[in-house]
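*Asks:* Following this message is one structure expressed as structure tokens.
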Amino acid sequence: MTVLISRSPLTGEPVGEHPVHGPEEVRAAVDRAREAARAWAACGWAGRRTRLLTWKRSLAHRMDELAELIGAETGKPPHDARAEVLLALVHLDWAARNARRVLGRRRVPSGPLAVHQRSLLTHRPLGVIGAIGPWNYPLHTPMGSLGPALAAGNAVVFKPSELTPGVGVLLAATLTDALPDHPHLLQTVTGPGATGEALVRSGADKIAFTGSPATARKVAAVCAERLTPLLAECGGKDAVIVDASADLDAAADAIVWGALANAGQTCAGVERVYAVAPIHAALCDRIVHRARALRPGAGPDASYGPLTLPTQLATVERHVKDALAAGARALYGGPESVRPPYAHPVVLVDVPEDSPAMREETFGPVVAVNAVRDLDEAVTRANASAYALGAAVFTGSRRTGRAIAERLASGAVSVNSVLGFAAVPTLPFGGSGDSGHGRVHGAEGLRAFAAPHALTVRRFRPPVDLTSFSTPRRRAARAVAVGRWLHSRR
Ligand code: NAD
């Protein structure tokens, strides 16, 4: 077993050493999880809720410890790391409290053809969920799958990013500490992509993957071999549309945060802005003014931290250089803004729509602000992306905001804020196209980790039993004719 060393992106110093788990260790973890899932299922809805809320409280008590390790492995400043823990708590809390309501047994109408049946719908856990996570929000992002998976009655084997294995190990340890009777309910396996692939091949009952679309394609190909279901939460190239009636100060404030917070390393971060021509210049002034005030760094006063994945610095630089070579203008910053380990803010305008800065996920503190004729053109451009994760609209009219939101292809839209949906635990989160498929959070997030189970219980003998050979043909034919008549009426 070789060793995986996680390093501080700020200093390159080691943060922790973890085993590289191979296929056998991963399979053993899945076998242990299968046992754990049985005991967990036996706890029932109320038992799981109580236990998950106990775990949640202990995570809240251990917020500083978690945030410190998140900061050490990602480089993000302490306030960002603590906010990340808070987001994870909000979603875990909702999943724990709402699992029974969403997934528990309920009666459903039987319909006129089956009045003699009592119909019941329940949701059963899938068994063992294999969760594979990224490094940009190493606690909050996996919790989007872990919370609902556990609340639905499953056990989880979690493979964190090789950049943030310590956070994954600590997360599993917090659950074992809080619920010592469930030692294998949440286990972490560590290692590079190969460990993730071993998890996908391990016989887990569903894979919950969060990461890039390129890796999602590889994971999907392996899942296809066994028809293992896959939830894929991938990247984004989120657009913000700004209408002439918008409060430009509020829009600029939100755009700068959405694009530059966490050094732009947010799947649903703002990467493209389409502002209608009459207010484009005024909006850009406000964006540049705010971007100028930001300082990447390490301490508590830093606006944001370094790029966690060192090779991402080259991608950011390439996107900026290509855009400028293709005719874009930099209103603030430029290729020289990339100063390892940091990338300072870059504000671009007039960026050709076919340049990588508009088409590929930049995942750095770069925002492209293009002018558009009108809102129709803004919608067309926003939707002309391989990604469809989040989006936002700024406007003085809520009605316009809602109308534009309905025309956007993304899985979530915020009107007059950015990422407004991310902190709402009742709303599902996820996208389509290169942004993946399936949803985490909310009722859909819980259903993603459960199998619907349909049940009918015959209450009495029906006047015409269509599921019996002993029903006279003529009588059955009359019943079908009545049904046909009913369904052909207006
Ligand atoms: P990545 O695709 O490089 O890696 C993600 C995970 O997959 C890691 O744990 C990695 O070890 C594992 N992996 C790599 N190869 C594998 C294989 N062949 N089989 C199985 N697992 C494998 O992504 P990343 O760089 O860690 O994360 C950044 C990406 O994640 C960005 O695209 C970002 O937008 C996306 N992201 C999406 C969301 C969301 O909810 N939609 C949230 C956070 C991040």
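The values are calculated or read from the model by the stated rules, or taken from the named source; none is laboratory data. Please read all numbers here as calculations on a predicted model, not as lab measurements. For neighbour counting, all protein chains shown are included, and Cβ atoms are generated from backbone atoms with ideal geometry for every residue, glycine included. Keep in mind that these areas ignore ligands, DNA and RNA; they rest on the heavy atoms of the full protein, side chains included. Shrake-Rupley method; radii C 1.70, N 1.55, O 1.52, S 1.80 Å.
*Asks:* Longer than 27 Å from Cα to Cα, which of Lys237/Lys321; Lys218/Lys321; Lys76/Lys206; Lys159/Lys321; Lys159/Lys237; Lys56/Lys76 are they? Say none if no pair is.
*Replies:* Beyond 27 Å between Cα atoms: Lys218/Lys321; Lys76/Lys206; Lys159/Lys321.
*Asks:* Using 0.36 nm per residue, how much length does the chain from Arg490 to Asp354 gain when fully extended, once their Cα-Cα distance is taken away?
*Replies:* 44.0 nm
*Asks:* Which whole-angstrom value gives the distance between the alpha carbon centres of the stretch 184-254 and the stretch 80-98?
*Replies:* Rounded to whole Å, the Cα centres lie 18 Å apart.
*Asks:* If you don't mind, there's one more thing I want to ask. Extension gain Ala221-Ala281, at 0.36 nm per residue separation less the Cα-Cα distance, in nm?
*Replies:* Length difference between fully extended and current span is 17.0 nm.
*Asks:* Tell me, what does the Kirkwood hydrodynamic radius of the chain come to in angstroms if you use every pair of distinct C-alpha atoms?
*Replies:* 24.2
*Asks:* I would also like to ask the following. Find the Rg to Rh ratio for the stretch 105-181, where Rh is the Kirkwood radius over alpha-carbon pairs and Rg uses the same atoms.
*Replies:* Radius of gyration over Kirkwood radius for the stretch 105-181 works out to 1.24.
*Asks:* Show me, for the stretch 318-324, the HN-Hα J-couplings you get by feeding each phi into the Karplus relation (A = 6.51, B = -1.76, C = 1.60, θ = phi - 60°), rounded to Hz, glycine and proline as x.
*Replies:* In residue order, the calculated couplings are 5, 4, 5, 4, 4, 5, 5 Hz.
*Asks:* What share of the DSSP beta bridges in the chain is antiparallel, in percent to the nearest 5?
*Replies:* Counting DSSP beta bridges with both partners in the chain, the antiparallel share is about 40 percent.
*Asks:* What ³J(HN,Hα) values, in whole Hz, does the Karplus curve 6.51 cos²θ - 1.76 cosθ + 1.60 give for the stretch 128-136 when θ = phi - 60°, with x put for Gly and Pro?
*Replies:* 10, 9, x, 9, 10, x, x, 9, 6
*Asks:* Could you please state how large a percent of the accessible area of the chain is carbon and sulfur, counting protein chains only and using a 1.4 Å probe?
*Replies:* Carbon with sulfur: 54 percent of the solvent-accessible area.
*Asks:* Summing -39500 (n - 2.57) over the DSSP H runs of n ≥ 4 in the chain and dividing by its residue number, what mean residue ellipticity at 222 nm do you reach, to the nearest 500 deg cm²/dmol?
*Replies:* After summing the helix terms and dividing by residue count, I get -14000 deg cm²/dmol.
*Asks:* Please compute, for the alpha-carbon atoms of the stretch 363-455, the extent along each of the three principal axes and give them in descending order in Å.
*Replies:* Result for the stretch 363-455: principal-axis Cα extents of 55, 29, 24 Å.
*Asks:* Taking only the alpha-carbon atoms of the stretch 238-426, what semi-axes of the equivalent ellipsoid follow from 5 times the gyration tensor eigenvalues under a square root, in whole Å, largest first?
*Replies:* In descending order the semi-axes read 24, 18, 16 Å.
*Asks:* Now for a separate question. Tell me which residues come under 5 Å, amide H to amide H, from Phe158 once H is placed; ignore anything under 5 positions away on its chain.
*Replies:* Under 5 Å from the amide H of Phe158 lie the amide H atoms of Ala131, Gln187, Thr188, Val189, each far enough along the sequence or on another chain.
*Asks:* If the chain between Glu65 and Ser119 were fully stretched, how many nm would it gain, using 0.36 nm times the residue separation less the Cα-Cα distance?
*Replies:* Taking 0.36 nm per residue and subtracting the Cα distance, the gain is 14.6 nm.
*Asks:* From the phi angles alone, apply the Karplus equation (6.51, -1.76, 1.60; θ = phi - 60°) to the stretch 196-207 and give each ³J(HN,Hα) in whole Hz, x where the residue is Gly or Pro.
*Replies:* Couplings: x, 5, 4, 5, 5, 8, 7, x, 4, 7, 7, 10 Hz.
*Asks:* Could you list which residues have their amide H under 5 Å from that of Val393, counting only those 5 or more apart in sequence or on another chain, with H placed in the peptide plane?
*Replies:* Those lying under 5 Å, H to H, from Val393 are Ile241, Ser414, Val415, Asn416, Ser417.
*Asks:* Among Leu324, Ala28, Pro352, flag the residue with its Cα farthest along the positive direction of the charge dipole of the chain, charges on Cβ as +1 for Lys/Arg and -1 for Asp/Glu.
*Replies:* Ala28
*Asks:* Amide H neighbours of Arg124 under 5 Å, at least 5 residues apart or on other chains, H built in the peptide plane: list them.
*Replies:* The list, which skips near neighbours in sequence, is Ala451, His453.
*Asks:* Under a 1.4 Å probe, what is the accessible area of the stretch 238-426 per residue, stated in Å²?
*Replies:* Dividing the accessible area of the stretch 238-426 by its residue count gives 39 Å².
*Asks:* If one takes the longest principal axis of the Cα atoms in the chain, at what angle in degrees, from 0 to 90 and to the nearest 10, does the Cα axis of helix 398-407 lie?
*Replies:* That works out to roughly 70 degrees.
*Asks:* Follow-up question, since we're still on this one. Could you report the accessible area of Glu162 in Å², rounded to 10, computed with a 1.4 Å probe on the protein chains as they sit in the structure?
*Replies:* 70
*Asks:* For the stretch 182-324, go through all pairs of different Cα atoms, get the mean of 1/r, take its inverse, and jot down that Kirkwood value in Å.
*Replies:* 18.4
*Asks:* Further, regarding this structure: Using Cα atoms only, what is the angle between the long axis of helix 213-226 and the major principal axis of the chain, expressed in degrees (0 to 90) to the nearest 10?
*Replies:* Its long axis makes an angle of about 20 degrees.
*Asks:* Right, here's the next one. What is the angle, in °, between the Cα long axis of helix 165-178 and the longest principal axis of the Cα atoms in the chain? Nearest 10 is fine, range 0 to 90.
*Replies:* 50
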